[in-house]
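**Student:** Shown below is the structure under consideration.
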Amino acid sequence: MLKRNFTEEQNMFRDAYRKFLSAEIVPNMERWREQGIVDREAFLKAGEQGFLMIWPDEALGGMGDNDFRYEQIIIEENSYARTSDWFCTLHSRLVGPYFTRCGSPELQQRILPKCITGETILAVAMTEPDAGSDLAGMRATAKLDGDHWVLNGAKTYISNGINADVIIVAAKTDPDNNPHAMGLFVVERGMDGFERGRNLKKMGLKAQDTAELFFHDVKIPKENVLGDPQQGFIYLMQGLAEERLIGSVGYLSAAQLSFDLSLEFVQDRKVFGKPLSKFQNTQFELAALRTEIDVAQCYVDQCVAAHNAGELTDVDAAKAKLLTSELQIKAANLGVQLHGGAGYMDEYAISRQYTDARISTIYAGSSEIMKIIISRDFMSPNYIPFNSKNF
């Protein structure tokens with residue numbers, strides 16, 4: 001494939017992170033999958049070596065480098081090492097930036113330093129039993145009462161839901177008069193009225209704790225509100241392009257691993273006296289997949305460059321998410337097929353690649369939602385046809 005645009009320092013970072021995964025994370029993954037949750041020590045060890053939240057200013061304990069390529073490296077290496085169900089990027093790059101985008105300096109100083117060290121684990125809670133991609137259907141509410149807000153409601157399918165010490169919770173703040181008014185409230189471990197439900201059992205990503213959360217008259221101090229309590233929906237939308245880019249990097253890296261696992265298997269597996277890789281059908285299927293992965297990598301890398309320049313649009317992020325999530329499933333599905341009966345056995349890595357992949361076209365916006373976003377762009381009266389653009 002074409003040469004990728006990483007600096008020498010970033011390549012050194014990749015090597016260091018790969019060694020960290022090999023020493024500290026990979027040996028524990030099977031135990032964590034069996035227990036359904038990653039030990040908190042994983043975050044502490046990552047924080048100790050500087051692999052959590054690279055982007056915050058040095059005054060908060062970070063490196064002060066907001067280049068997304070560092071997180072891209074972390075996501076890719078987690079995929080290659082088969083440690084993606086340790087959701088460190090959710091903590092570091094998906095939830096953490098809400099504090100600097102719309103949190104007060106005091107809240108940033110109180111929360112972020114321990115997130116960087118791994119002492120505090122983060123989560124965000126939007127999804128409800130009856131409201132997923134459609135945030136307008138949210139029922140959780142927060143009402144102002146003197147010097148605090150009172151939060152009520154329930155959330156489900158919350159990643160890091162058991163481990164999290166600090167959770168950003170979305171709730172409606174004026175449901176009677178303005179159903180679109182929404183706030184983001186910082187709920188901390190131990191607050192009265194905050195309870196966790198089950199650690200939910202899932203098809204894949206077994207080590208990633210995913211929980212139900214319940215809020216009954218939880219008192220939220222005003223200083224724990226992120227920005228304007230009426231503008232939470234806008235804040236969530238501001239983070240969606242990056243969230244989908246984060247997903248795209250992971251989906252594509254998982255597709256790459258499925259390809260590598262399949263190629264290794266078909267070279268060793270013999271059918272009718274010769275390696276499976278010698279059959280034309282196998283070569284054609286893998287050639288087509290190889291091409292799709294490489295082309296998608298070029299697009300995703302371009303999206304990363306656009307994001308670093310502050311130019312990544314919601315539509316381009318949606319295209320990346322749609323393309324790569326569907327490709328992840330396609331690569332895993334082909335891999336299982338080429339493995340034959342072995343692909344159905346959990347002792348083969350491709351089996352887990354398949355079950356882990358199935359959620360990718362659903363969370364962070366389903367493929368159907370991505371198609372709606374993309375089609376709205378080209379159906380808009382402001383759409384400029386390709387042959388009318390100046391390049």
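Quick note: the coordinates plus some simple rules give every number you see, no bench work behind them. Everything numeric in this text was worked out from a predicted model, so none of it was measured. All Cβ positions, even for glycine, are placed from backbone atoms using ideal geometry, and neighbour counts span all protein chains on display.
**Student:** In whole Å, how far is the Cα centre of region 1-42 from that of region 255-288?
**Tutor:** Going from one Cα centre to the other spans 27 Å.
**Student:** Run the dipole for region 123-229 about the Cα centre, Lys and Arg Cβ at +1, Asp and Glu Cβ at -1, nothing else charged, and hand back the magnitude in debye, nearest 20.
**Tutor:** In total the dipole reaches around 520 debye.
**Student:** Right, something else. Taking the structure as given and computing Kirkwood radius over Cα pairs in Å, which label from (i) 22.1; (ii) 21.6; (iii) 30.5 fits?
**Tutor:** (i)
**Student:** In addition: Once the other residues with Cβ under 15 Å from the Cβ of G204 are scored (Lys, Arg +1; Asp, Glu -1), what is the net sum?
**Tutor:** +1
**Student:** Take every Cα pair under 8 Å in region 8-120 that's 6+ residues apart, average their separations, divide by the length, and report that relative contact order as a whole percent.
**Tutor:** Answer for region 8-120 is 33 percent.
**Student:** Here's a follow-up. Only counting other Cβ atoms within 10 Å, I'd like H180, H148 sorted with the fewest neighbours first.
**Tutor:** H180, H148
**Student:** Please give the calculated 222 nm ellipticity per residue for the chain, where each DSSP H segment of at least 4 residues contributes -39500 (n - 2.57) and the sum is spread over every residue; nearest 500 deg cm²/dmol?
**Tutor:** -14500 deg cm²/dmol
**Student:** May I ask which residue of S248, T291, T361 lies farthest towards the positive end of the charge dipole of region 234-380, with charges of +1 (Lys, Arg) and -1 (Asp, Glu) on Cβ and the Cα centre as origin?
**Tutor:** Selected residue: T291.
**Student:** Past 31 Å, Cα to Cα, is the threshold; run K206/K319; K274/K321; K206/K371 against it and keep the listed order.
**Tutor:** With Cα atoms farther than 31 Å apart: K274/K321.
**Student:** Put +1 on the Cβ of every Lys and Arg and -1 on every Asp and Glu Cβ in the chain; which of S351, G96, L21 then has its Cα farthest towards the positive end of the dipole?
**Tutor:** Toward the positive end, the furthest listed residue is S351.
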